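**Student:** Below: one structure in structure tokens.
The values are calculated or read from the model by the stated rules, or taken from the named source; none is laboratory data. The shown structure was predicted, so the numbers you read here are calculated from the model rather than taken from an experiment. A quick note on method: Cβ atoms are made from the backbone with ideal geometry, for glycine too, and the neighbour counts reach across all protein chains shown. For the accessible areas, the whole protein counts, side chains as well, though only heavy atoms, and no ligand, DNA or RNA atoms are used. Shrake-Rupley method; radii C 1.70, N 1.55, O 1.52, S 1.80 Å.
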Amino acid sequence: SAVISQKPSRDICQRGTSLTIQCQVDSQVTMMFWYRQQPGQSLTLIATANQGSEATYESGFVIDKFPISRPNLTFSTLTVSNMSPEDSSIYLCSVEDPFGGTEAFFGQGTRLTVV
Amino acid sequence: SQQGEEDPQALSIQEGENATMNCSYKTSINNLQWYRQNSGRGLVHLILIRSNEREKHSGRLRVTLDTSKKSSSLLITASRAADTASYFCATDKGYSGNTPLVFGKGTRLSVIA
């Protein structure tokens, strides 16, 4: 299994500012995934973060808005830039089983409110 | 794009009753998983069923998979108030390697004591 520490757990931010979310995993993992969950909705993949290379973004998400860092095999950050109220969501990081299983593990999420 | 579609979107039952949630998906898969989310927090893995399996049990959970219909169901028997949560099915994209999961829209289950 993998344990992910995600922070902050929640924040209220002013529009136009940026917030950086951090995820720390207790095991080395190849890929980390960042999801957005808008109010009352399901999870939508933002990007896949590989260590040592640029993140791969899904359609509708761009690096300028959601820059991602992956400095090593246990850590990643997602920044939500130039925020607007439409960015109010829960943001979750996820990894697959570092020991080869197919189960995914999630951080506890960051509940972001932009005012 | 979302692959899984759950129904119902919301379900309210009395404690002790069974809860059934359904999920449909669109493309070939290697496996299908069900996750639980409490109050908008992180997701917790419940059960995985592989594409060559038709039924799987884990405690009070029973999952079925029909690959010909591209559908799955999750049954929670003898529900408890603590089962109140959102439940999501998730699929891979059908090829090997570290693929991110694609989640359905979810079912919000309320179990009334």
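**Student:** Once you have the Cα-Cα distance between residue A:13 and residue A:65, take 0.36 nm times their residue separation minus that, and quote the gain in nm to one decimal.
**Tutor:** 17.2 nm
**Student:** Using modelled backbone amide H atoms (1.01 Å from N, in-plane), which distant-in-sequence or interchain residues come within less than 5 Å of residue A:10's amide H?
**Tutor:** Residues meeting the amide H criterion: A:111.
**Student:** Can I ask one more? In straight Cα distance, which aspartates and glutamates are under 13 Å from residue B:56, not counting same-chain residues fewer than 8 positions off?
**Tutor:** The qualifying aspartates and glutamates are B:66.
**Student:** Further, regarding this structure: Using θ = phi - 60° and the Karplus relation 6.51 cos²θ - 1.76 cosθ + 1.60, list the HN-Hα couplings for the stretch B:66-74 in order, rounded to whole Hz, with x at every Gly or Pro.
**Tutor:** Values per residue, Gly and Pro as x: 10, 6, 5, 9, 6, 8, 9, 10, 10 Hz.
**Student:** Further question: Under the 0.36 nm per residue contour assumption, what length would be gained going from the current alpha-carbon distance of residue B:44 and residue B:75 to full extension?
**Tutor:** Between residue B:44 and residue B:75, full extension yields 9.5 nm more.
**Student:** Per residue, how large is the accessible surface of the stretch A:4-114? Use a 1.4 angstrom probe and give square angstrom.
**Tutor:** 45
**Student:** Next question, about the same structure. So if each residue of separation counts as 0.36 nm, and I subtract the Cα-Cα distance between residue B:20 and residue B:57, what length gain in nm does that give?
**Tutor:** Length gained, residue B:20 through residue B:57: 11.9 nm.
**Student:** For residue A:73, what residues show an amide H to amide H distance below 5 Å, using hydrogens built from the backbone and excluding near sequence neighbours?
**Tutor:** When sequence neighbours closer than 5 places are left aside, there are no close amide H contacts.
**Student:** Residues of the stretch A:82-115 with accessible area at least 30 Å² lower in the all-protein-chain context than alone (1.4 Å probe)?
**Tutor:** A:96, A:102, A:103, A:104, A:106, A:108, A:111
**Student:** Based on the Cβ-Cβ distance from residue A:20 to residue A:97, what FRET efficiency comes out when R0 is 30 Å, to the nearest 0.05?
**Tutor:** Between residue A:20 and residue A:97 the formula returns 0.70.
**Student:** Inside 10 Å of the C-beta atoms of B:41-53, what's the mean count of C-beta atoms belonging to other chains?
**Tutor:** 4
**Student:** How big is the gap, in Å, between the Cα center of the stretch B:38-78 and the Cα center of the stretch A:2-76?
**Tutor:** 27
**Student:** Could I ask something else about it? For the protein assembly as shown, build the charge dipole from Cβ charges (+1 Lys, Arg; -1 Asp, Glu) around the Cα centre, then report which of A:48, A:114, B:30 sits farthest towards its positive end.
**Tutor:** A:114
**Student:** Step through the residues of the stretch A:6-16 one at a time and calculate ³J(HN,Hα) from phi using the Karplus curve (6.51 cos²θ - 1.76 cosθ + 1.60, θ = phi - 60°), rounding each to whole Hz and writing x for Gly and Pro.
**Tutor:** 3J(HN,Hα) across the stretch A:6-16, in whole Hz: 10, 8, x, 6, 7, 7, 10, 10, 7, 4, x.
**Student:** Here is a further query. Share of Cα-Cα pairs in the protein assembly as shown beyond 26 Å, in percent?
**Tutor:** In whole percent, the long-distance tail amounts to 37.
**Student:** Now for a different question. Within 10 Å of each Cβ of A:43-55, how many other protein chain Cβ atoms are there on average?
**Tutor:** 2
**Student:** What's the magnitude of the charge dipole for the protein assembly as shown around its Cα centre, counting Lys and Arg as +1 and Asp and Glu as -1 at the beta-carbon? Answer in Debye, nearest 20.
**Tutor:** It works out to roughly 180 debye.
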